[in-house]
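Contents: one structure, followed by commentary.
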Amino acid sequence: MGNHSSNSWKKRGQHKLVDYVEDRIVIWGHNNDLPLVEKTYIYEGQIIPTRMIKDKNVYEITYLHPQFIIHGFMVMTEQDLVRHITLFGYHPNRDPATSLYCLPTYKKGVKFDQKYYEMLLTNIKTYYLDDCFYTPPKNQIEYKKLKSISMQLNQGE
């Protein structure tokens with residue numbers, strides 16, 4: 001199998017949304033192949049969704065049942081490129097069977113850095129209900145339409 005190395009948990013700073021724990025770095029090598037480096041990053045802290053998009057309209061979430069608070073997420077990378085993301089908590093865009101957050105193709109295989117992290121936080125705070133696994137029950141979510149914001153899709157030239 002090759003070389004394996006494992007880092008111990010390293011917590012950075014106080015428990016805040018932007019803190020993360022570097023969980024594991026594994027280096028795989030097969031014969032004369034280049035080593036494949038897998039890294040797992042775990043982010044701890046509450047993420048409360050604040051908006052949702054449905055039928056090209058943007059809504060502000062005014063109430064959300066506490067079960068929908070996200071308690072963190074885990075980013076798996078290979079060679080510093082995002083492979084998949086696991087959410088710790090219920091989210092309409094998370095596969096209930098695997099806990100994997102649904103990423104469009106253009107957000108996979110991208111270098112994981114501070115900019116990607118900030119984009120990911122924004123995405124997790126947003127429910128994309130036109131393409132989701134389930135919709136929160138009406139008694140567990142309240143929202144209002146933001147009249148000045150709507151999504152416009154480019155229909156081509």
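To keep it simple, each residue is scored yes or no on (1) in contact with a Gly (Cβ under 9 Å, 6 or more places away or on another chain); (2) open to solvent by 60 Å² or more (accessible area, probe 1.4 Å).
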| position | (1), (2) |
| --- | --- |
| 62 | no, yes |
| 70 | yes, no |
| 84 | no, no |
| 91 | no, no |
| 101 | no, no |
| 105 | no, yes |
| 112 | no, no |
| 115 | no, yes |
| 142 | no, yes |
In segment 74-91, anything touching a helix residue (DSSP H, G or I) at 6+ places or on another chain (Cβ under 9 Å) and assigned to a loop (DSSP other than H, G, I, E, B) is listed as 89, 90, 91
Residue 147 passes all but one of the listed conditions (1) over 25 Å from residue 82 (Cβ atoms); (2) of a type in the set (Lys, Arg); (3) at pLDDT 90 or above; the exception is number (3)
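Which ones in segment 72-82 are of a type outside the set (A, V, I, L, M, F, W, C) and open to solvent by less than 30 Å² (accessible area, probe 1.4 Å)? Don't jump to the end; show me each part of the working.
First pass over segment 72-82, keeping only residues of a type outside the set (A, V, I, L, M, F, W, C): 72, 77-80.
Once the filter is applied, which keeps residues that are of a type outside the set (A, V, I, L, M, F, W, C) and open to solvent by less than 30 Å² (accessible area, probe 1.4 Å), segment 72-82 yields 72, 77.
Of the residues 117, 128, which single one is at pLDDT 90 or above, within 15 Å of residue 50 (Cα to Cα) and not hydrophobic (A, V, I, L, M, F, W, C)?
Values: 117 fails: within 15 Å of residue 50 (Cα to Cα).
None of the other options fit; the residue is 128.
The values are calculated or read from the model by the stated rules, or taken from the named source; none is laboratory data. It should be emphasised that the depicted structure is a prediction, and the values quoted were computed from it without experimental measurement. Here the Cβ is made from the backbone with ideal geometry for all residues, glycine too, and neighbour counts use every protein chain on show. The protein model used for the area step is the full one, side chains on, heavy atoms only, and it has no ligands, DNA or RNA in it. Shrake-Rupley method; radii C 1.70, N 1.55, O 1.52, S 1.80 Å.
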